[in-house]
Amino acid sequence: MEDALQQSNQTLRSIVDSSPSAIIALDMEGRITLWNPAAEKIYGWNESEVMGKTPPLVPAHKKSEFLALNHRIQNGERFTSIELKRQTKQGAIQGKFVLTTVTATKRIFSHF
């Protein structure tokens, strides 16, 4: 059973790592717990720069929106798709960032 679980986790990690879409997971406190290679390519921050931190891709003028959404999620609200604007390390604004909540793992998944 443990081997099957390990194999399943490796398969899922391979899918996330090879995805052309940025996939980012946050814990319930809003800190990054997963940052795939596409997220690095699209947004410019490498994994070591963002892990365990709040997402740097939230523009300063959108911080209150981020905090409000995180508060709503902590209070049990779930989203299947919310489009948000996010920025790259160089400051360019990306027009489509989709937020999805996953309650079973207590993580918030996002993709671009």
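Computed from the coordinates by the stated procedures, all read-outs in this text should not be read as laboratory data. In this text the structure is predicted, and so the values were computed from the model without any measurement. Neighbour counts run over all protein chains shown; Cβ positions are idealised from the backbone, glycine included.
Data table
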read-out	value
Set Glu49, Glu40: member being assigned to a helix (DSSP H, G or I), without any contact (Cβ under 8 Å) to a residue 24 or more places away in the chain and either under 12 Å from the mean Cα position of the chain (by Cα) or buried (at least 16 other Cβ atoms within 10 Å of the Cβ) (or both)	Glu40
Among residues of the stretch 4-33, those that are out of contact with any helix residue (DSSP H, G or I) (no Cβ under 7 Å at 6 or more places or on another chain) and touching a residue at least 60 places away in the same chain (Cβ under 8 Å), counted	4
All positions within the stretch 27-37 that are out of contact with any strand residue (DSSP E or B) (no Cβ under 7 Å at 6 or more places or on another chain), not in a helix (DSSP H, G or I) and not aliphatic (A, V, I, L, M)	Glu29, Gly30, Arg31
Scope the stretch 17-32; condition within 12 Å of the chain's Cα centre (by Cα) and either surrounded by 17 or more Cβ atoms within 10 Å (Cβ to Cβ) or more than 13 Å from Leu57 (Cα to Cα) (or both); matching residues	Ser21, Ala22, Ile23, Ile24, Ala25, Leu26, Asp27, Met28, Gly30, Ile32
